[in-house]
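The values are calculated or read from the model by the stated rules, or taken from the named source; none is laboratory data. A quick note: this is a predicted structure, and the numbers were derived from the prediction, not measured. Cβ sites come from the backbone with ideal geometry, for glycine too, and all protein chains shown count toward neighbours. Quick note on the areas: whole protein, heavy atoms, side chains included, nothing else; ligands and nucleic acids left out. Shrake-Rupley method; radii C 1.70, N 1.55, O 1.52, S 1.80 Å.
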Amino acid sequence: MKTKKIIIMIIALILILFPYVPISADGEKQAVVDNPIITQEDLQNQINDMGRDGGVITLTHDIELSSALYFPKNYQITIDGDGHAFTLKPGTDTRHINVSVDNTHIILKNLRLKGNGPNDIGGGISVNGSVTLDNCVVENNYAANGGGIICTNGSVTLRNGTKIVNNKGYSYGGGIFVSSNGFLMATDSVISDN
């Protein structure tokens, strides 16, 4: 009986010292979400709560945005859309995502960003940091510069079937506008009809 109590105490101590954190197949820490992410507020709170250690947030619903999602400095976060979309609330004049600080790296996977309102720059995504789009679709967005995406400083990586289609830039960059301080790398991706 004494041995059983000791084993239970050791297990309890291990759980306290090394709490369970789910790890995805690619080795990234995943967020443990007790409540499904249904609203923009839910998603922004989850992003803010992840901290600089980062991790993966997997969507279970389309998310309707009324303002751009914000990513704090030095964050490393993956949002797996699982085939869902960011759409904008009717009458909203904003972009979907704003990565506006250096040393922030965001990976968007299996996500659609469609139909923003008018912006001066970056209809779908404005990048001043680092964003990777993995099997994503950025479509039907518009802005004066960078209808789909604008990268003024930092990098944008498109990979694994990402499509930048049917976006409009009224001055420069219908699909993507990359300034002289930005960098674009695209592999196995499509940029067309912009």
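Filter the range 52-86 for residues that are at positive phi and in contact with a Phe, Trp or Tyr (Cβ under 8 Å, 6 or more places away or on another chain) and give the result.
Passing the criteria: only Gly54.
Would you be able to say whether some residue in the range 77-86 is in contact (Cβ under 8 Å) with a residue 24 or more places away in the chain, over 17 Å from Leu133 (Cα atoms) and over 12 Å from the mean Cα position of the chain (by Cα)?
So in the range 77-86, the residues in contact (Cβ under 8 Å) with a residue 24 or more places away in the chain come out as 77-86.
Then keep just the ones that are over 17 Å from Leu133 (Cα atoms); that gives none.
No, because not a single residue in the range 77-86 is in contact (Cβ under 8 Å) with a residue 24 or more places away in the chain, over 17 Å from Leu133 (Cα atoms) and over 12 Å from the mean Cα position of the chain (by Cα).
Among the residues of the range 133-147 satisfying the criterion of being open to solvent by less than 10 Å² (accessible area, probe 1.4 Å) and either farther than 19 Å from Thr87 by Cα or among the aliphatic types (A, V, I, L, M) (or both), which is modelled with the highest pLDDT?
For the range 133-147, the residue satisfying everything is Leu133.
Could you list all residues from the range 117-132 that are open to solvent by 10 Å² or more (accessible area, probe 1.4 Å) and assigned to a loop (DSSP other than H, G, I, E, B)?
Correct list: Pro118, Asn119, Asp120.
Step by step: first the residues of the range 47-86, then only those that are charged (D, E, K, R) and in contact with a Leu (Cβ under 9 Å, 6 or more places away or on another chain), then the one that is modelled with the lowest pLDDT. Which residue is that? Outline the logic, then answer.
From the range 47-86, those charged (D, E, K, R) are 49, 52-53, 62, 64, 73, 80, 82; that's our starting set.
Now drop any that are not in contact with a Leu (Cβ under 9 Å, 6 or more places away or on another chain), which leaves 64, 80, 82.
Values: Glu64: 87, Asp80: 94, Asp82: 93.
Restricting to residues being charged (D, E, K, R) and in contact with a Leu (Cβ under 9 Å, 6 or more places away or on another chain), the top hit is Glu64.
Test Ile164 against the criterion of being among the hydrophobic types (A, V, I, L, M, F, W, C) and under 18 Å from the mean Cα position of the chain (by Cα), and give yes or no.
For Ile164, the condition - among the hydrophobic types (A, V, I, L, M, F, W, C) and under 18 Å from the mean Cα position of the chain (by Cα) - is met.
Here are some residues: Ile164, Ile150, Ile77, Ile97. Which one is touching a helix residue (DSSP H, G or I) at 6+ places or on another chain (Cβ under 8 Å) and either farther than 18 Å from Gly175 by Cβ or surrounded by 21 or more Cβ atoms within 10 Å (Cβ to Cβ) (or both)?
Ile77
Within the range 102-116, restricting attention to residues that are part of a loop (DSSP other than H, G, I, E, B) and open to solvent by 30 Å² or more (accessible area, probe 1.4 Å), which residue is modelled with the highest pLDDT? Spell out how you get there, then give the answer.
Within the range 102-116, the first condition is being part of a loop (DSSP other than H, G, I, E, B), and the residues that meet it are 102-104, 110-111, 115-116.
Filter again for open to solvent by 30 Å² or more (accessible area, probe 1.4 Å), leaving 102-103, 110, 115.
Details: Asp102: 67, Asn103: 70, Asn110: 97, Gly115: 78.
Checked the range 102-116; the qualifying residue modelled with the highest pLDDT is Asn110.
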